[in-house]
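Notes follow the structure.
A short reminder: the numbers here are calculations on the coordinates, not readings from a lab. Quick caveat: nothing in here was measured; it's all calculated off a predicted structure. Neighbour counts are summed over all protein chains in view; Cβ atoms, including those assigned to glycine, are modelled from backbone coordinates with ideal geometry.
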DNA sequence: GTCTATAGACGGATAGAC
DNA sequence: GTCTATCCGTCTATAGAC
């Protein structure tokens, strides 16, 4: 038990050795990659284990079940993208316009989804097909991130915009962002151009008369 | 062979009895429902067969493999939504404005996706996770439908709009439409309101100066 | 912590009776 | 056309050795 500490250098949880924590992180990363590519149902514990040079049974030292592993992968994903977006907004500072903040959020969400994180993309792709118990565990974290977008869009659209409009705009915007996972080709497409086009469509919502 | 005709009343293919054709359609509908709800990997032939009061082995009289069944379901889906949209456009007639045509296409796509067809929704939800051989079979039909949207958007945006912009607008628009499968709640949301919001965002693309 | 071994369930697919 | 029976593979999960 000598290697256990309340909080070690890598920030692992108390009661878990540094070695166990390293294995755990390796397994999570391998599972995220496989979930992103093949989906939840076809992510097999044998394959995940093989990718980190272990056997399937060994994973049960770190995770209680396949559902537990998947839920952890997806929780890391949604928290990662929220953390990235909030960090960028914080860097922009209080004086940034609502338009600048919304644009920055769009670009960071896309960067994290498309380039940075298998955890985010596996969350987006797998959520619809994951067992209900897993969805239940993710609901709160998802709502938190949803609320961030509602705020960003509400601030941008202005106080005259009704809540139901903000609701639809959020689904349109975030839906368009997340679907990019299925068509975005880094050799052909550009995040800047894609985000720019979204920006122009959002600008159309401002400075108009009510219907 | 007495029941075989070149084209019978139900429009079945030559060389297939009316009874076989009816069974085939039942199986396809059951598979579409299961694929929509549970995804491709978790659609089991045993469950599909049970839903139409048959046994798993019997499906192989109608389909060569699970992949074959899924590809047929998804092919029907993409062709159904294209047929619905084209029929509505034809009804609008030649004199309809590009704006009216685009709006009509948006509404029909949503109606078919969200209310009318498990075939369309199973296509949208399962395509990313289906085996490559299935995707290959669907590629041409998907491209045809994609081209229709490129035309509608190109006509709406006007000749000054570059092809790359139309490309992104199509992905944004169709992505937002298709993601609605994951959030649209008929008890809370309205296709008209959702389509109206999309319409306003698209209007923002018109009557602006180039950047 | 990771291994081997295996239980136990379920999957797609095929053969042959009817 | 559909059934029964079955092959053979894969899966999650567990038990116990090391």
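Tabulated results
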item	result
Sorted by Cβ density within 10 Å, fewest first, the residues A:192, A:111	A:192, A:111
P(r) weight above 20 Å for region B:38-92, C-alpha pairs, percent	39
Overall dimensions of chain B by Cα: Rg and Dmax, Å	19.7, 69
Degrees between helix B:18-38 axis and first principal axis of chain B (Cα, 0 to 90, nearest 10)	50
Calculated over region A:104-211: convex hull of Cα atoms, volume per residue (Å³)	119
Approximate spin-label separation residue B:182-residue B:87, in nm, with each point projected 7 Å along Cα-to-Cβ	3.0
On Cα atoms only, tilt of A:191-203 relative to the major axis of chain A in degrees	40
Identity and axial distance of the chain B residue whose Cβ lies nearest the axis relating B to A, Å	B:204, 1
Size-normalised alpha-carbon gyration radius of the protein assembly as shown, reference 2.2 N^0.38 Å	1.10
Value of Rg/Rh across region B:12-130 [Cα atoms, Kirkwood radius]	1.07
More than 15 angstrom apart: percent of Cα pairs within region A:156-203	53
Average beta carbon contacts from partner chains per residue of B:173-183, 10 Å cutoff	6
Cα gyration tensor shape for region B:66-117, rounded if a/c is under 1.5, else prolate or oblate	prolate
Zone residues, region A:50-86, relative to residue A:144, backbone N less than 20 Å from point 7 Å out along Cα-to-Cβ	A:68-86
Rounded tilt (10° steps) of A:66-92 against the dominant C-alpha axis of chain A	40
Simple spin-label estimate for residue B:47 and residue A:44 in nanometres, 7 Å along Cα-Cβ	1.9
Approximate spin-label separation residue B:65-residue A:100, in nm, with each point projected 7 Å along Cα-to-Cβ	5.6
Other-copy label distances relative to residue B:60, 7 angstrom Cα-Cβ extension, nm	3.3
Per-residue Cβ neighbour rank within 10 angstrom, fewest leading, B:182, B:140	B:140, B:182
Cβ crowding within 10 Å averaged over residues, with B:66-73, A:16-23, B:90-97, B:121-128 ranked highest first	B:121-128, B:66-73, A:16-23, B:90-97
Ascending count of other beta-carbon atoms within 10 Å, so fewest first, for B:108, B:164, B:81, A:85	B:164, B:108, A:85, B:81
